[in-house]
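Peer 1: First, the structure itself, so that you have it in front of you.
The values are calculated or read from the model by the stated rules, or taken from the named source; none is laboratory data. Here the structure is a predicted model, which means the values were calculated and not measured. With ideal geometry, Cβ positions are generated from the backbone for all residues, glycine too; neighbour counts draw on all protein chains shown.
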Amino acid sequence: MEAGEALAARRSCRSYSPEPIPSELLGYVLRAALQGPSAGNSDALDLVVLEGRPETDSYWDVTLPPGPRRDGFGWPGLLLAPVLVIPTVRPQSYVDRYAEPDKAGAGLGGSTDDWSVPYWYVDGGASIMAMLISATSFGLGSLLFGQFGHAEAVAERFGIPGDRRALGTVAIGWPAPGRGGRSARRGRPPVEEIVHRSRW
C-alpha cells in the first residue's frame, strides 16, 4: 500500500484478533517512529513495547483491573491487541541539545520553560503518526489512546524513568469485527474549511 493510500485508509481500531504480529513486521512498524521529525535531532524518543498476553495483560491490570469496570468495558476486543507500545519522550533532551554550541543562539537551552511550543510533544506525535500509518500499510489495525489518571502507575509498573513523559499507548494488531468509537461519527471537516490561503 502506498503512503497516500495508507494515510487515507487509517482508522482507529478498537477490536483485535489475538493473533501475534510477526517480529519482522512489527520491527518495520516500530522503526517507522524514527522517521518522524526531531528538532535538532534531539533523540528524545523511547518506545516501551509490550508483546504477548502476559505483558499486555499486565498493562490492563494496571489501567483496567479485573472487576465490574472491566466486565462492562465497551471495547473488549481492544484488550486482545497482541502489542501495546508506550511512546515516551524526554523533554530535557531538547534543552540539552539546544544548549550545544550550534544551537545555543536559539535561546532554548536553559530550561523547558524557554520553549513556547514543547516540541518534544510535537515530534513525539509525528512519530506516533508514522507508526499508525506504517501499521495500516501492512494491513494492521492501530489505536492511540490516553493513559490519563493511570500514567504514574503505568510508569511504575514498566520502569519508565521519571524524566520521561508517556504520550499515551498505541495498540497494534490484526483488526477484528467490533464497534467503532462515537467520535468517529463526527467525521472530518472539508479541507476548504481549514485551509486559509495567503492569510486567515
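Peer 1: Could you list, ordered by first residue, the pairs with Cβ atoms under 7 Å in which the first is in the stretch 141-157 and at negative phi and the second is charged (D, E, K, R) and surrounded by 18 or more Cβ atoms within 10 Å (Cβ to Cβ), at least 6 apart or interchain?
Peer 2: Between residues of the stretch 141-157 that are at negative phi and residues that are charged (D, E, K, R) and surrounded by 18 or more Cβ atoms within 10 Å (Cβ to Cβ), the close pairs are 143/14.
Peer 1: If you go through the stretch 40-66, how many residues are without any contact (Cβ under 8 Å) to a residue 12 or more places away in the chain and under 14 Å from the mean Cα position of the chain (by Cα)?
Peer 2: Total satisfying the criteria: 0.
Peer 1: Still on this structure, please answer the following. Being farther than 26 Å from residue 90 by Cβ and surrounded by 13 or more Cβ atoms within 10 Å (Cβ to Cβ) is the filter here; which residues of the stretch 45-56 pass it?
Peer 2: Correct list: 53 only.
Peer 1: When residues of the stretch 1-19 are filtered for being over 17 Å from the mean Cα position of the chain (by Cα) and loosely packed, with under 15 Cβ neighbours inside 10 Å, how many remain?
Peer 2: Total satisfying the criteria: 8.
Let's see how each residue does on (1) buried (at least 17 other Cβ atoms within 10 Å of the Cβ); (2) of a type in the set (S, T, N, Q):
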site	(1), (2)
119	yes, no
122	no, no
131	yes, no
162	no, no
169	yes, yes
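Peer 1: Touching an Asp or Glu at 6+ places or on another chain (Cβ under 7 Å), in contact (Cβ under 8 Å) with a residue 60 or more places away in the chain and not in a strand (DSSP E or B), is that true of residue 37?
Peer 2: yes
Peer 1: Another question, then. Report whether or not residue 153 is out of contact with any Leu (no Cβ under 6 Å at 6 or more places or on another chain), surrounded by fewer than 21 Cβ atoms within 10 Å (Cβ to Cβ) and within 20 Å of residue 85 (Cβ to Cβ).
Peer 2: yes
Peer 1: Right, something else. Could you please let me know if residue 105 is within 30 Å of residue 187 (Cβ to Cβ), exposed (fewer than 12 other Cβ atoms within 10 Å of the Cβ) and small (Gly, Ala, Ser)?
Peer 2: In short, no.
Peer 1: When the stretch 160-200 is examined, which residues are found to be at pLDDT below 90 and in a loop (DSSP other than H, G, I, E, B)?
Peer 2: Listed by number, the residues that qualify are 177, 178, 179, 180, 181, 187, 188, 189.
Peer 1: Residue 73 versus (1) surrounded by fewer than 18 Cβ atoms within 10 Å (Cβ to Cβ); (2) under 17 Å from the mean Cα position of the chain (by Cα); (3) free of Cβ contacts under 8 Å to residues at least 60 places away in the same chain: which is the lone unmet condition?
Peer 2: Here residue 73 clears every test but (2).
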